[in-house]
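Undergrad: Sharing a structure below in structure tokens format, with a few things to ask.
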């Protein structure tokens, strides 16, 4: 018995501010499409079950697991990757804080961790250290023990709160 050829579906979405239209295999995950077809390798594939956070992306402003979303599901939406957020400067404060506090080591989890941290910084500016840990708990890091990552996010939140008081 022969297999039917994979179906491709025309998919249009905004990727890091630029419109994209491509024929996409119906069952290709968004993170794989971004890596293989678009050359955006900042989001990683690791567990392929949505539990590690290495594939974290932003779709219409909400963080999602790129390994759990099909590329065709992005049709009509806005997708932001670590590359787009870095290029826009949106991550600059977090990137600096991660660097200053040595909150990255091998770098594999860093893009997903930064995406999750930015979500927290934008949506929960009053977050406590415990809330930071809770928010980042879906992103695994096997190198740092999280302490420096939490320190970095906390420093950005504190700097923003201080800036808001002035």
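Undergrad: Of all strands (runs of 3 or more DSSP E) completely enclosed by segment 6-107, which ones contain at least 1 residues that are on the phi < 0 side of the Ramachandran plot and exposed (fewer than 15 other Cβ atoms within 10 Å of the Cβ)?
TA: Strands (runs of 3 or more DSSP E) meeting the threshold: 8-15, 18-25, 62-65.
Undergrad: Considering only segment 64-76, I want to know if a residue exists there that is outside the structural domain of residue 107 (by TED's automatic domain parsing), out of contact with any strand residue (DSSP E or B) (no Cβ under 7 Å at 6 or more places or on another chain) and farther than 21 Å from residue 136 by Cβ.
TA: Yes, segment 64-76 contains at least one residue that is outside the structural domain of residue 107 (by TED's automatic domain parsing), out of contact with any strand residue (DSSP E or B) (no Cβ under 7 Å at 6 or more places or on another chain) and farther than 21 Å from residue 136 by Cβ.
A quick yes/no check of all residues on (1) without any contact (Cβ under 8 Å) to a residue 60 or more places away in the chain; (2) assigned to a helix (DSSP H, G or I); (3) in contact with a helix residue (DSSP H, G or I) (Cβ under 9 Å, 6 or more places away or on another chain):
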| site | (1), (2), (3) |
| --- | --- |
| 117 | yes, yes, yes |
| 126 | yes, no, yes |
| 132 | yes, yes, yes |
| 142 | yes, no, no |
| 152 | yes, yes, yes |
| 155 | yes, yes, yes |
| 158 | yes, yes, no |
| 162 | yes, yes, no |
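Undergrad: Yes or no: residue 119 closer than 27 Å to residue 28 by Cα, surrounded by fewer than 22 Cβ atoms within 10 Å (Cβ to Cβ) and either more than 14 Å from the chain's Cα centre (by Cα) or not assigned by TED's automatic domain parsing to the domain that holds residue 19 (or both)?
TA: For residue 119, the condition - closer than 27 Å to residue 28 by Cα, surrounded by fewer than 22 Cβ atoms within 10 Å (Cβ to Cβ) and either more than 14 Å from the chain's Cα centre (by Cα) or not assigned by TED's automatic domain parsing to the domain that holds residue 19 (or both) - is met.
The values are calculated or read from the model by the stated rules, or taken from the named source; none is laboratory data. Source: prediction; values computed, not measured. Virtual Cβ from ideal backbone geometry, glycine too; neighbours counted across all protein chains shown.
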